[in-house]
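Enquirer: Just passing along the structure, written as structure tokens.
The values are calculated or read from the model by the stated rules, or taken from the named source; none is laboratory data. All values derive from a computational prediction rather than experimental measurement. FYI the Cβ positions are ideal-geometry reconstructions off the backbone, even for glycines, and counts take in every protein chain you see.
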Amino acid sequence: MRIIGIDPGAKFTGIAVLNATTGEFEFWAESDDPVAIWEMVIGQLMHGYDGEEVHIVIEDILGGGRRDEYVQRTIEVLGYLYNRCREIKLRVTRVAPQARLANVSRVPKKIRGKDEKAAAAHALSYKEGHGL
């Protein structure tokens, strides 16, 4: 099973692919273009998982009140990626931003970017939280 963590943002969005069996990260990146991130998701799905189960975990936006342009852009990126996943019937789960906090320190040092690191922490937290 693979877990694809996604951390959407107004400026950069991170992606990290965790092999839930080995516990190793196989891919990670970040981009300022949500379409490029989507193409990375598709690229990973075509990577030869041969019917293997794939779970997508994407950080949600919580809270209310005034939404500045940064929050609005993040919502747009989140909506784009979430709906693209749903469109092709991928299992996608939205999680609270805090879900990653317990695992940020467990992200391998080789994953350096802030957003790809957050995506990796979400994948680890999802694996841990679902006993995978």
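Enquirer: Just to be sure I understand, how many residues within the stretch 63-117 are more than 12 Å from the chain's Cα centre (by Cα) and of a type in the set (D, E)?
Expert: Qualifying residue count, the stretch 63-117: 4.
Enquirer: Continuing with the same structure: Consider I75 carefully, then state whether it is modelled with pLDDT of 95 or more, surrounded by 14 or more Cβ atoms within 10 Å (Cβ to Cβ) and of a type outside the set (F, W, Y).
Expert: Spelling it out, it is not the case that I75 is modelled with pLDDT of 95 or more, surrounded by 14 or more Cβ atoms within 10 Å (Cβ to Cβ) and of a type outside the set (F, W, Y).
Enquirer: If we keep just the residues of the stretch 110-132 that are surrounded by fewer than 18 Cβ atoms within 10 Å (Cβ to Cβ) and either over 21 Å from F27 (Cβ atoms) or among the small types (G, A, S) (or both), which is modelled with the lowest pLDDT?
Expert: If we take residues in the stretch 110-132 being surrounded by fewer than 18 Cβ atoms within 10 Å (Cβ to Cβ) and either over 21 Å from F27 (Cβ atoms) or among the small types (G, A, S) (or both), then G131 is modelled with the lowest pLDDT.
Enquirer: Within the stretch 59-88, track down each residue that is assigned to a loop (DSSP other than H, G, I, E, B) and among the charged types (D, E, K, R). If you could, list the steps in order and put the result at the bottom.
Expert: Step one: of the stretch 59-88, the residues assigned to a loop (DSSP other than H, G, I, E, B) are 60-68, 88.
Selection gives D60, R66, R67, D68.
Enquirer: Moving on. Output the number of the condition that A36 fails; it satisfies all remaining conditions of (1) surrounded by fewer than 17 Cβ atoms within 10 Å (Cβ to Cβ); (2) part of a strand (DSSP E or B).
Expert: (2) is the only condition that A36 fails.
Enquirer: Within the stretch 12-38, restricting attention to residues that are in contact (Cβ under 8 Å) with a residue 60 or more places away in the chain and within 11 Å of D115 (Cα to Cα), which residue is farthest from the chain's Cα centre (by Cα)?
Expert: F12
Enquirer: Tell me which residues, restricted to the stretch 94-109, are part of a helix (DSSP H, G or I), exposed (fewer than 14 other Cβ atoms within 10 Å of the Cβ) and among the aliphatic types (A, V, I, L, M).
Expert: Passing the criteria: L101, A102.
Enquirer: Of R2, R91, which residue is within 16 Å of L132 (Cβ to Cβ), surrounded by 15 or more Cβ atoms within 10 Å (Cβ to Cβ), at pLDDT below 95 and not hydrophobic (A, V, I, L, M, F, W, C)?
Expert: R2
Enquirer: Still on this structure, I have one more. Working only within the stretch 5-26, note down all residues that are outside any loop (DSSP other than H, G, I, E, B) and surrounded by fewer than 18 Cβ atoms within 10 Å (Cβ to Cβ). Even if it seems obvious, please write down each step before you answer.
Expert: Taking the stretch 5-26 and keeping what is outside any loop (DSSP other than H, G, I, E, B), we get 5-7, 13-19, 24-26.
Residues satisfying the conditions are N19, E24, E26.
Enquirer: Ok, one more. Can you pull out every residue in the stretch 39-71 that is in contact (Cβ under 8 Å) with a residue 60 or more places away in the chain and surrounded by fewer than 16 Cβ atoms within 10 Å (Cβ to Cβ)?
Expert: Answer for the stretch 39-71, where residues must be in contact (Cβ under 8 Å) with a residue 60 or more places away in the chain and surrounded by fewer than 16 Cβ atoms within 10 Å (Cβ to Cβ): Y70, V71.
Enquirer: For the structure I just gave you, tell me whether T22 is touching a helix residue (DSSP H, G or I) at 6+ places or on another chain (Cβ under 9 Å), of a type in the set (S, T, Y) and under 18 Å from L124 (Cα atoms).
Expert: Judged against the criteria, T22 is not a match.
Enquirer: Can you name the condition, by its number, that I56 falls short on among (1) part of a helix (DSSP H, G or I); (2) touching a Leu at 6+ places or on another chain (Cβ under 9 Å)?
Expert: (1)
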